[in-house]
Number of protein chains: 2
Amino acid sequence: MQLKIDSLIRADSELTHQNTSSVPIILMTRIRLARNLSGHNFPNHSEVEKSAEVFELCRKAIESAPEMGSPTTVRMEDLSTMEKKILVERHLVSPELIESTAGSGVVINGDQSCAVMINEEDHLRIQSMLTGFHLDKVWSTIDALDDSLEKKLDFAYSEELGFLTACPSNVGTGLRASVMMHLPGLVISKNMEKVIRAVNQIGLVVRGWMGEGSDASGSVFQISNQQTLGESEEAILKRLGNVLKTVRVQEENARSRILQTDQNRILDRIGRAYGILRNGHLLSSGEGMSLLSLIRLGADFGMFPKDTRCLVDRLFIESQPAHVQYLAESEIESAARDSLRASFMRKNFRDIPEPDFESAST
Amino acid sequence: MQLKIDSLIRADSELTHQNTSSVPIILMTRIRLARNLSGHNFPNHSEVEKSAEVFELCRKAIESAPEMGSPTTVRMEDLSTMEKKILVERHLVSPELIESTAGSGVVINGDQSCAVMINEEDHLRIQSMLTGFHLDKVWSTIDALDDSLEKKLDFAYSEELGFLTACPSNVGTGLRASVMMHLPGLVISKNMEKVIRAVNQIGLVVRGWMGEGSDASGSVFQISNQQTLGESEEAILKRLGNVLKTVRVQEENARSRILQTDQNRILDRIGRAYGILRNGHLLSSGEGMSLLSLIRLGADFGMFPKDTRCLVDRLFIESQPAHVQYLAESEIESAARDSLRASFMRKNFRDIPEPDFESAST
């Protein structure tokens, strides 16, 4: 199984390859659908043998879906803790899946843009993601995949409520769409709390990079819908898209203001981030995220070559703790990880030229 | 008068020229002698006309002393606050002189290795200094200068006590020898307090970079004798020299231990210092000192070209607040200074290659 994880890490995936069409402010768009098999208990109330049965039913259906070209299937029970965490860090499985009991696993397609979890909270969590801001495109992919699966599996569905799910909060469409945004301008100008309150008031949720609270590392936030009932998929996506466009404009404005009123301070932070990534020898995961975030901002300002943004997006993932342990080829303690992470950053920044402070603009 | 200060700043002085024989751990050796004219009140008890008379007597004697080749004479009353502070930052006058009343000034020789203050606490404060550890050499220079002045001026002297001075603590030899040491190893390993206590116990004093308390910025400390009475000049210098050699060995040992036991942490600090000096856009005077201090340590470790140490020693002086104001050609506030200081550092570090972490050793 080590081999499967190996090939996943080494492959050019949607989120980590170097030629992705990475854009300012928006890192990626992701949609997931919660589905369950009719006539089977939800995973939390299922016996071991029944879960194994569900796993096999689902696995076969998923692996043969045309949208899942070159699939890799991974059972959680076959993985080490480090391997499970790597899948979380790559956004391929949820933190909940790796805590879950027997019969859980994931099927991942060739470019790692689609991943279907089996026996998480629901029998199926279908997920599709793309770098950049692509709600429509991701929706059409996942909608097609959902249709393919529906042909082979009997989904629990109520005419009145829609799709049935283990948790009432997902009943209906079972859809959660989220867009991961890079909002350093709003964070630096201390406007992020205000934005979060406004976004919450219209029924959307803001989470951090790894789904944690709103105090996001690297100024990376996920904004997603909360409601799944009483609204069509198209209506949910349209409303989310409109809010995200507004947040993007607010971030753009915040950046312009910072460059106008506090230019030295922001150039100082970007310059120092570059200097430390290039020459540091100890780097925690949190500081790494913060520094990379400043480099991404610098790239958006035109201070670094365009493809530096792709590098940052890859390093956001590959500098996480489990990925660094993978580099070490063993589980290592935090201090050794910080040293290895710094050395990994130095190597990756070796060919990035010094910031071009003169051309900083929005 | 602006012109005189200008030429002092632009000249290749003993402490700031690029080809000085800068060595590890020891920045410079300095000796001063306190002298007074017999038959004249000490400066603090002197009337304005009398002080002017003393100034003229002294000035003529000093300017014609052969040790004072190409002298520049500066009257404090002719200088702006910024200009006075520049002289302090260059270690040419004491902070006390620039606060003093009428009739005070300084005569500085061509390479700024000798400076004689007039009407500070005493009528004359004769000072000589050299880069590196040179108690004997500095003593022979200042001894000769003292002899030259004695031929033209009638020094207040008591057979019983020695030279008479305004403050009883200087009576006798009137000699204070100090060596400025760079002790980051002892500071990082938290042994500096212990060293200061030991040094104090044998009658020596430890001060910071600008004569302030022991909490020295940049890990730069001045160690000097306290006693001036009841001991010959040679005995004072010998005792001081022995203590300094011991402190130097302790610093060397501390550095070896750090490189052995905490190599990543010290390489991290040196690497980050380089990265920030090269790319930062805001730099306070205190942070500047700390970063330069780490670069000097890195140069001692062989991580930078040899002449980087001379650059650091010059920047220790030229990045001080008044020197930065001089760069701006006007008095500017602290935030503008921090920006200008950062830009000055970036310029000076433009040609310093990245740290060679592989060759770090003591």
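The values are calculated or read from the model by the stated rules, or taken from the named source; none is laboratory data. Model, not experiment: these values are computed from the prediction. Please note: Cβ atoms are built from the backbone with ideal geometry, for glycine as well, and neighbour counts cover all protein chains shown. Surface accessibility is based on the protein's heavy atoms, side chains included, excluding ligands, DNA and RNA. Shrake-Rupley method; radii C 1.70, N 1.55, O 1.52, S 1.80 Å.
Overview of results
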read-out	value
Carbon plus sulfur fraction of accessible area for chain B, probe 1.4 Å, in percent	48
Degrees between helix B:334-349 axis and first principal axis of chain B (Cα, 0 to 90, nearest 10)	70
Total accessible surface hidden between A and B, rounded to 100 Å², 1.4 Å probe	1800
222 nm mean residue ellipticity, helices alone, for chain A (DSSP H n ≥ 4; -39,500 (n - 2.57); rounded to 500)	-15000 deg cm²/dmol
Separation in nanometres of the label points that stand 7 Å from Cα toward Cβ, at A:Gln260 and B:Lys190	4.9
Label 7 Å beyond Cα on the Cβ vector: A:Arg197 copy-to-copy distances, nm	5.3
Other copies of B:Asp351: label-to-label distances in nm, shortest first, labels 7 Å along the beta-carbon direction	2.9
Radius ratio Rg over Rh of the range B:19-91, counting only Cα atoms, Kirkwood formula for Rh	1.04
Residue-level accessible surface for A:Lys194, protein heavy atoms, 1.4 Å, Å²	130
Whole-number accessible area per residue in Å² for the protein assembly as shown, which is evaluated in the context of all protein chains at 1.4 Å	41
Cα-based radius of gyration of the range B:262-359 once divided by 2.2 N^0.38 Å, which approximates compact folds	1.06
R0 of 56 Å, Cβ-Cβ distance A:Ser361-B:Glu159: FRET efficiency to nearest 0.05	0.15
Accessible heavy-atom area order of A:Glu89, B:Glu96, A:Glu63, highest first, probe of 1.4 Å	B:Glu96, A:Glu63, A:Glu89
Translational diffusion of chain B, µm² s⁻¹ [Kirkwood Rh, Cα pairs; Stokes-Einstein; 10 °C; 1.306 mPa s]	75
Accessible-area ranking of A:Arg239, A:Arg296, largest first, probe 1.4 Å	A:Arg239, A:Arg296
Added length on full extension, which subtracts the Cα-Cα distance from 0.36 nm per residue, B:Ser284 to B:Asp6	97.7 nm
Peptide B:259-269, shielding by other chains (average Cβ, 10 Å cutoff)	3
Most positive-pole-ward Cα, A:Thr73, A:Asn348, A:Val54, against dipole of chain A from beta carbon charges	A:Asn348
Residue mean of other protein chain beta carbons inside 10 Å, A:329-341	1
0 to 90° range, to nearest 10: angle between helix A:285-300 axis and chain A longest Cα axis	70
Innermost chain B residue relative to the axis carrying B onto A, by Cβ distance in angstrom	B:Gly275, 1
Pair A:Glu252, B:Asn253: separation of 7 Å Cα→Cβ label points (nm)	6.5
Packing-based ranking, highest mean first, of B:122-128, B:289-295 given that Cβ atoms within 10 Å are counted	B:122-128, B:289-295
Net lengthening on full extension, B:Lys60/B:Val48 (0.36 nm per residue, minus Cα-Cα)	2.5 nm
Helix axis angle, B:48-63 relative to chain B longest principal axis, alpha carbon, degrees	70
Nearby lysines by direct alpha-carbon distance to A:Lys306 (threshold 29 angstrom, same-chain neighbours under 8 apart not counted)	A:Lys137, A:Lys190, A:Lys245, A:Lys347, B:Lys347
Centre separation in Å (Cα based) which lies between the range A:151-190 and the range B:71-125	75
Cα-derived Rg over Rh, computed across the protein assembly as shown with Rh taken as Kirkwood radius	1.16
Protection-proxy order for peptides A:164-171, B:113-120, each taking the mean of Cβ atoms within 10 Å per residue, highest first	B:113-120, A:164-171
Inter-copy label distances at A:Glu331 (7 Å, Cα→Cβ; nm, one decimal)	6.4
Pairwise label distance in nanometres, A:Val205 with B:Glu331, each label 7 Å out on the Cα-Cβ vector	5.9
